[in-house]
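The values are calculated or read from the model by the stated rules, or taken from the named source; none is laboratory data. Predicted model, so just to flag it, every value in this text is computed and none were measured. A quick note on method: Cβ atoms are made from the backbone with ideal geometry, for glycine too, and the neighbour counts reach across all protein chains shown.
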Amino acid sequence: MTFLISLFSFVLVFVIVAMAHEIGHFIWAKRAGIRVLEFGIGYGPNLLKKEHGGTVYSLNLMPVLAFVRLAGIDDENDDEKNCPDKEKYFSKTPLQKLKSIVAGPLMNLVLGFIIYSLLAMTFGLPQIGPVVDSVAKNSPAQKAGLLSGDKIVAIDGKRTSDMAFVIEKIHESSKKEISLTVMRNNSEVDIKAVPVYDKKLKAALLGFALKTENMKYNPLEAVWAGATKTAYLSYMIVGFLGKLLIGKIALTDVAGPIGIAQFSGQAAMQGLPTFLNLLAFISINLGVFNLLPIPALDGGRIVFILIEWIRKKPIDIETENRFHQWGLIVLLLLVAAVSFNDIARFIKR
């Protein structure tokens, strides 16, 4: 049963985020006058297919992900022969191309923003509070005298209510003494300890956890909370990818499709709010990741559009697609590598 829940949740998550992505491409391609040959859900043989307004809408056997086929963006197929050049991707201006490509990742960010805004109005968004929930045995925090129930009000003499700042400060302070000021029984107490570097997490830790609570907002505040959450996560994802690129984070720490399926199943069993949080998180991840300037991703397409803009002349679409084909091979190898890591982690458990 757990396997079936994980599988269904995984499929549902990726169909939703992929559909949002492809709807972005679909809408802005249509606005630019680019013919959309097909909008499909899933891959493989067609289960259902209907043509409307020059576009084939299909539901396919393997209901994972979604796709759009734009005229003139790939090597010409038989169904493009009757399409006039003015309706093909390569005939459009750089700005029109840019809008149709950027719209996909942007829709993923918008989906994340909408979900977080709705959660903020209904179930509430999880917030890390200043109250210590637990202290690990024999940790630097316990040895320094930190207790469950202490409320953090300052770090290194700087008063703050931003626990993300406190956590980041601790993570960056390996072998450096940290001073925490906490409220305990209506009195302020100073706790001094040296964080210990954790090789697995690649961060310095004191060994305590903070309480998390859901905070609800009125509609206007919820919109701002959703925007803030989306922007913060996007910033964190870029930082994570940067650390991955320079080797501060190992590829073995990245979850692949199998790991995401496990997370999806766990989130589904924990209830709708947790599942929606995961859905928003994955959608924002997909949006940010797709903007990377890597061939086969939307960011790779954007690089070629910018080159065209600068040189006032498009690069031959067949040449561009060869770059994307090689990029796709590299991405598939990376997916295979992280999937192998997922399996190895699963076996260890």
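Descriptive notes on the structure:
- Filter result for residue 117 (assigned to a helix (DSSP H, G or I) and either in contact with an Asp or Glu (Cβ under 9 Å, 6 or more places away or on another chain) or in contact (Cβ under 8 Å) with a residue 40 or more places away in the chain (or both)): yes
- Being part of a helix (DSSP H, G or I), in contact with a Pro (Cβ under 7 Å, 6 or more places away or on another chain), within 14 Å of residue 191 (Cα to Cα) and without any contact (Cβ under 8 Å) to a residue 60 or more places away in the chain is a property that residue 152 lacks.
- Number of positions in the stretch 161-203 that are loosely packed, with under 14 Cβ neighbours inside 10 Å and in contact with a Ser or Thr (Cβ under 6 Å, 6 or more places away or on another chain): 4
- Check on residue 24, touching a residue at least 12 places away in the same chain (Cβ under 8 Å), surrounded by 14 or more Cβ atoms within 10 Å (Cβ to Cβ) and part of a helix (DSSP H, G or I): yes
- Yes/no for residue 91 being among the hydroxyl-bearing types (Ser, Thr, Tyr) and within 27 Å of residue 304 (Cβ to Cβ): yes
- Output for the stretch 54-101, where each listed residue is β-branched (Val, Ile, Thr) and in contact with a Lys or Arg (Cβ under 9 Å, 6 or more places away or on another chain): 55, 56, 73, 101
- Leading residue by the ranking (surrounded by the fewest Cβ atoms within 10 Å (Cβ to Cβ)) among those in the stretch 131-149 that are in a loop (DSSP other than H, G, I, E, B) and of a type in the set (S, T, N, Q): 138
- Scanning the stretch 201-227 for residues that are without any contact (Cβ under 8 Å) to a residue 12 or more places away in the chain and in the same structural domain as residue 153 (by TED's automatic domain parsing) yields a single hit, 201.
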